[in-house]
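Written out below as structure tokens is the structure these notes cover.
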Amino acid sequence: MPEIEVKLPDLGEEITSANVSFWHVEEGDVVSENSDLLEVVTEKATFNVPSPLDGKLIKKKFDEGEEIKVGETIAVLETE
């Protein structure tokens, strides 16, 4: 089964990183396209990061409280 890396998307002007606030799903959970994977927080706002596709979350790359840079891989999904 193909594995897809989910990256932290561009969150807007001048935002280069965010901290993981909490995960909506756990490793092994099945997710639907556009369902929320995790919430991240910046100095300016809070954002939910959605799943780009249907699949199963097989790896979370960051824990709650850790900082992620825009463009970094945050999770790995297994797709059919």
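The values are calculated or read from the model by the stated rules, or taken from the named source; none is laboratory data. Keep in mind the model is a prediction, meaning the values are calculated, not measured. Here Cβ is always computed from backbone atoms with ideal geometry, including for glycine, and neighbour counts include all displayed protein chains.
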- Message: I need the full set of residues from the range 53-80 which are in contact with a Leu (Cβ under 8 Å, 6 or more places away or on another chain) and either aliphatic (A, V, I, L, M) or modelled with pLDDT under 95 (or both), in order please.
- Response: L53, L57, I58, I68, V70, I74, A75, V76, L77, T79
- Filter the range 25-47 down to residues that are over 17 Å from E13 (Cα atoms) and either touching a residue at least 24 places away in the same chain (Cβ under 8 Å) or under 12 Å from the mean Cα position of the chain (by Cα) (or both), then give me how many there are. 13
- Task: Taking the options V49, V25, V30, V40, name whichever one is of a type in the set (A, V, I, L, M, F, W, C), in contact with a Lys or Arg (Cβ under 9 Å, 6 or more places away or on another chain) and within 13 Å of A75 (Cβ to Cβ).
- Result: V25
- Checking L11 against (1) in contact with a Leu (Cβ under 8 Å, 6 or more places away or on another chain); (2) touching a residue at least 24 places away in the same chain (Cβ under 8 Å); (3) surrounded by 14 or more Cβ atoms within 10 Å (Cβ to Cβ), the condition it does not meet: (1)
- Would you pick out the residues in the range 45-63 that are of a type in the set (D, E) and touching a Ser or Thr at 6+ places or on another chain (Cβ under 7 Å)? D54
- Query: Has the range 61-70 got at least one residue that is surrounded by 14 or more Cβ atoms within 10 Å (Cβ to Cβ) and not hydrophobic (A, V, I, L, M, F, W, C)?
  - Reply: yes
